[in-house]
Amino acid sequence: MQRLVLTAVLVLLAIPAAAPGGEPPVIHIGLPRSIFRDVPPGLLMFAGQPFKDLMKAQTGLGGEVINEPCAMNIARDIDSGKLEIGVFLGHEFAWAREKYPGLEPLVCSVPKPKETQAFILVRWESKATSLADFKGCKLALATTTRDHARLFLNKRRVEEMGSGGFCGTDKTATVHDAIHKVIDGDADVTVADLAAWNYFQKLYPGASQNVRVLSKSDHFPQTVIAYKKGGLSDSVAKKLRDGLLTAHQSPKAARLMGLIKVDRFDEVPGGYDDSLKECLKAYPAAVIDRASADK
């Protein structure tokens with residue numbers, strides 16, 4: 001319940017305290033299920049209340065968080081005017097932008113670590129050179145595995161395993177548990193995002209020596225907060241952007257960003273559109289894999 005709910009807090013902290021001559025605006029922000037990989041479904045209905053309370057106390061503004069199972073629903077609702085802004089993982093924004101070209105990134109988040117990558121991990125002594133060598137073997141997959149890691153795993157599975165596959169999937173509560181299963185020989189392969197893999201190596205320096213990277217993904221596009229051009233007035237969009245870009249200068253906002261593992265918000269980098277196009281080539285929306293929705 002901590003992660004992008006608090007991003008929403010930071011977003012709305014940047015909105016002006018009241019519309020001149022009128023009531024404070026109510027801003028609707030869409031958050032996809034993919035943001036809450038580590039939150040049980042039964043708790044999602046409570047995710048917005050702390051954000052609403054904090055926003056009201058700090059800014060006097062009303063706001064509403066809309067939790068959606070699919071980022072494409074959020075894109076549709078921003079396009080139709082039901083939502084003002086939404087949070088999109090980079091590959092989700094690539095898919096959304098393809099269908100709704102009017103969507104614009106407001107800012108990008110800069111996570112800890114900065115790069116968004118995925119790694120397929122095997123035991124150190126494994127002689128495998130690709131997933132093709134793991135046909136009939138066991139996969140360990142955490143329910144909290146991030147979506148970009150799931151996409152990368154499935155892409156490699158389709159390209160390298162063909163009609164074959166794993167003999168089964170051992171589901172774990174955390175990525176670290178999945179890595180330990182590989183080390184212990186209870187599973188043969190797993191996948192991890194960069195943050196989880198880096199933290200595992202820091203937390204278990206000895207055990208991590210028994211793991212090697214079979215393959216790693218290219219960098220995925222950064223997560224964005226997006227809106228529809230014309231869906232917000234230029235003045236509100238500017239105040240949102242300016243407030244987010246300077247949020248790390250506020251001790252309170254910096255503490256909140258630390259909880260969601262975001263260093264700061266940044267301008268959309270040059271070449272971002274190109275990175276979206278490359279992502280679409282590698283992970284086309286037409287073949288979105290069921291693995292990305294595997295709980």
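The values are calculated or read from the model by the stated rules, or taken from the named source; none is laboratory data. These numbers were taken from a predicted model, which means no experiment stands behind them. Cβ coordinates were reconstructed from backbone atoms using ideal geometry, including for glycine residues, and neighbour counts include every protein chain displayed.
With respect to Asp188, determine if the residue is outside the structural domain of Gly271 (by TED's automatic domain parsing), touching a helix residue (DSSP H, G or I) at 6+ places or on another chain (Cβ under 6 Å) and closer than 20 Å to Thr116 by Cα. Write out each step before concluding.
On the way: outside the structural domain of Gly271 (by TED's automatic domain parsing): yes; touching a helix residue (DSSP H, G or I) at 6+ places or on another chain (Cβ under 6 Å): yes; closer than 20 Å to Thr116 by Cα: no.
It is false that Asp188 is outside the structural domain of Gly271 (by TED's automatic domain parsing), touching a helix residue (DSSP H, G or I) at 6+ places or on another chain (Cβ under 6 Å) and closer than 20 Å to Thr116 by Cα.
In segment 247-295, which residues are at pLDDT 70 or above, more than 25 Å from Arg150 (Cβ to Cβ) and touching an Asp or Glu at 6+ places or on another chain (Cβ under 8 Å)?
Residue satisfying the conditions is His248 alone.
Anything in segment 193-225 that is in a loop (DSSP other than H, G, I, E, B) and either within 16 Å of Lys181 (Cα to Cα) or more than 18 Å from the chain's Cα centre (by Cα) (or both)? List them, or say none. Steps first, please.
First, the residues of segment 193-225 that are in a loop (DSSP other than H, G, I, E, B): 204-206, 217-223.
Correct list: Tyr204, Pro205, Gly206.
Considering only segment 100-114, I want to know if a residue exists there that is crowded, with 17+ Cβ neighbours inside 10 Å and in a loop (DSSP other than H, G, I, E, B).
No, there is no match, as no residue in segment 100-114 is crowded, with 17+ Cβ neighbours inside 10 Å and in a loop (DSSP other than H, G, I, E, B).
Out of Asp170, Asp147, Asp133, report the one residue that is more than 30 Å from Ile78 (Cβ to Cβ), under 24 Å from the mean Cα position of the chain (by Cα) and not hydroxyl-bearing (Ser, Thr, Tyr). Walk me through how you get there before you give the answer.
Values: Asp147 fails: more than 30 Å from Ile78 (Cβ to Cβ); Asp133 fails: under 24 Å from the mean Cα position of the chain (by Cα).
That would be Asp170, the only listed residue that is more than 30 Å from Ile78 (Cβ to Cβ), under 24 Å from the mean Cα position of the chain (by Cα) and not hydroxyl-bearing (Ser, Thr, Tyr).
Name the pairs: first residue in segment 23-45 and within 17 Å of Ala149 (Cα to Cα), second residue at pLDDT 65 or above and part of a helix (DSSP H, G or I), Cβ to Cβ under 7 Å, at least 6 apart or on different chains?
Pro32/Ala71; Pro32/Ile74; Pro32/Glu92; Ser34/Ala71; Ser34/Glu92; Ser34/Asp147
Identify all residues within segment 116-168 that are surrounded by 22 or more Cβ atoms within 10 Å (Cβ to Cβ) and in a strand (DSSP E or B); write none if there are none.
Of everything in segment 116-168, those that are surrounded by 22 or more Cβ atoms within 10 Å (Cβ to Cβ) and in a strand (DSSP E or B) turn out to be Ala118, Phe119, Ile120, Leu121, Val122, Leu139, Ala140, Leu141, Ala142.
Here's the yes/no breakdown for (1) in contact with a Gly (Cβ under 6 Å, 6 or more places away or on another chain); (2) outside the structural domain of Gly185 (by TED's automatic domain parsing); (3) among the aromatic types (Phe, Trp, Tyr); (4) under 21 Å from Ile27 (Cβ atoms):
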site	(1), (2), (3), (4)
Phe88	no, yes, yes, yes
His91	no, yes, no, no
Arg157	no, no, no, no
Gly168	no, no, no, no
Thr172	no, no, no, no
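Being within 29 Å of Gly136 (Cβ to Cβ) and buried (at least 19 other Cβ atoms within 10 Å of the Cβ) narrows it down to one residue among Ala178, Ala247; which is it?
Working: Ala247 fails: within 29 Å of Gly136 (Cβ to Cβ).
Ala178 is the lone residue from the list that is within 29 Å of Gly136 (Cβ to Cβ) and buried (at least 19 other Cβ atoms within 10 Å of the Cβ).
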